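The values are calculated or read from the model by the stated rules, or taken from the named source; none is laboratory data. Since we're looking at a predicted model, the values are computed, not measured. No Cβ is skipped: glycine too gets one built from the backbone with ideal geometry, and neighbour counts run over all protein chains shown.
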Amino acid sequence: MSSILIRGCRLTVLNLAILHFSIHHDRIKDSDRYREKVFANLWQECNNSADGILEVILRENRLVVMTQRDATIAATLVQWLGTNIGQEFLYQVEMAKIKAKKDMSLEQVFLDVWAEQSLAPPCRNEYSLLMVLLTSSDKLQDVFHPDYDPISEEDINIAKMLIAWLGSEKGQLFLNKAKQQIAKYNAK
């Protein structure tokens, strides 16, 4: 549920028509991608109400209505956490937590590791990393073409908000729940 202020009147907008599916949602049908499936399904569960996680994250960071694009970017990023590269990202966060200064927030640790991942090949910056994540594999060759730029500053802000949220108490609960579900799957 979002609130917006128009001419002094606060309006409440329900985003029940928003779908929290990754651009790569079809990949979770593959049994080898069980970690992606865990993250994708958990994200959908946590966003099935009018006060879903993404809605709260956005409300805490800005006063605009969530769009389908926002939801797709967030869902894609969350599903990515279940990939080998996403798992490496989470591992790098764990290593960075050990090395971090005592006064550094976990949210900042997540953002710092995200920034480092954004610069790793084949990516050159946050735009490139999001382009890779948000592009279907059949169009991936277009991502590095100089004229290809489907990613906006707003898209990057959505990603950063989500990455920072992962370092929050609620984000850590979400990650722990996903880890528990993955461990159950691995125990089978």
ask   = Taking only pairs six or more apart or across chains, which ones have beta-carbon atoms under 6 Å, a first residue in region 51-76 that is among the charged types (D, E, K, R), and a second residue that is part of a helix (DSSP H, G or I)?
value = 70/158
remark   = Checked region 29-47 for anything farther than 22 Å from residue 155 by Cβ and in contact (Cβ under 8 Å) with a residue 24 or more places away in the chain; matches are 33, 34, 35, 37, 38, 42
message = Please determine whether any residue of region 157-169 is part of a loop (DSSP other than H, G, I, E, B), of a type in the set (S, T, N, Q) and at pLDDT below 90.
response = no
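For the condition farther than 20 Å from residue 20 by Cα, part of a helix (DSSP H, G or I) and at pLDDT below 70, what is the one hit in 112, 147, 138? Break it down into steps so the answer makes sense when it comes.
Details: 112 fails: at pLDDT below 70; 147 fails: part of a helix (DSSP H, G or I).
When all the criteria are applied, what remains is 138.
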ask   = For region 98-109, which residues satisfy the criterion of being modelled with pLDDT of 90 or more and of a type in the set (D, E, K, R)?
value = 99, 107
inquiry  = Residue pairs, Cβ under 6 Å, 6 or more apart or interchain, first in region 174-188 and touching a residue at least 24 places away in the same chain (Cβ under 8 Å), second β-branched (Val, Ile, Thr) and surrounded by 11 or more Cβ atoms within 10 Å (Cβ to Cβ). List them.
reply    = 178/38; 181/38; 182/38
note = When residue 117 is run through (1) at pLDDT 90 or above; (2) over 19 Å from residue 170 (Cβ atoms); (3) surrounded by 15 or more Cβ atoms within 10 Å (Cβ to Cβ), the failure sits at (1)
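Of all residues being within 17 Å of residue 181 (Cβ to Cβ) and surrounded by 21 or more Cβ atoms within 10 Å (Cβ to Cβ) in region 43-57, which is farthest from the chain's Cα centre (by Cα)? Just the residue, please. First the steps, then the outcome.
Going residue by residue through region 43-57, those that are within 17 Å of residue 181 (Cβ to Cβ) are 43-48, 53.
From what is left, the residues that are surrounded by 21 or more Cβ atoms within 10 Å (Cβ to Cβ) are 43, 47, 53.
Working: 43: 9, 47: 13, 53: 11 Å.
The selected residue is 47.
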ask   = For region 162-188, what are the residues that are surrounded by fewer than 12 Cβ atoms within 10 Å (Cβ to Cβ) and among the charged types (D, E, K, R)?
value = 169, 184, 188
